[in-house]
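Worksheet: the structure to be examined is printed underneath.
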Amino acid sequence: MEKELHTLIIIYPGCIAQEVMLAAELLEDRFPIIVATHDKRPLRLSNGLNITPDYLYGSVPAESVGCVLIPGGDPASVAGNKSLDELLCKVHGQGAVLASICAGAF
């Protein structure tokens, strides 16, 4: 039986999450969405929506991630975040596709 892969959306203070929402909408049927952030508290986005994450960066089951979406915005709040860096390296090493918008690449 093939394992179910997910689309992981990385959110962080200062991100503009709507930049990746259309991609998430299109991927949801094939790769259900999971969301991770630096802590488990709901994060209020720039558009006023509150997102409650499924995981902390360090607790994402990397083997279940097939795609990562990283929105732009101001990534200063996660620059050098060791848990996030390790997660991205791990999922990339396992063959996941990483996609970002604008400053999300930083």
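Only residues that are open to solvent by 80 Å² or more (accessible area, probe 1.4 Å), hydrophobic (A, V, I, L, M, F, W, C) and either under 17 Å from Ile34 (Cβ atoms) or in a loop (DSSP other than H, G, I, E, B) (or both) were counted in region 48-106, giving 3. Listed conditions (1) exposed (fewer than 14 other Cβ atoms within 10 Å of the Cβ); (2) touching a strand residue (DSSP E or B) at 6+ places or on another chain (Cβ under 8 Å); (3) charged (D, E, K, R); (4) closer than 21 Å to Glu4 by Cβ are all met by Asp29, apart from (2). Scanning region 21-31 finds no residues that are outside any helix (DSSP H, G or I), modelled with pLDDT under 95 and either in contact with a helix residue (DSSP H, G or I) (Cβ under 8 Å, 6 or more places away or on another chain) or among the aliphatic types (A, V, I, L, M) (or both).
The values are calculated or read from the model by the stated rules, or taken from the named source; none is laboratory data. What you see is a predicted model, and the numbers here were worked out from it, not measured in a lab. Glycine gets a Cβ as well: all are built from the backbone with ideal geometry, and neighbour counts include every protein chain shown. Protein only, heavy atoms only, side chains kept; ligands, DNA and RNA dropped before computing areas. Shrake-Rupley method; radii C 1.70, N 1.55, O 1.52, S 1.80 Å.
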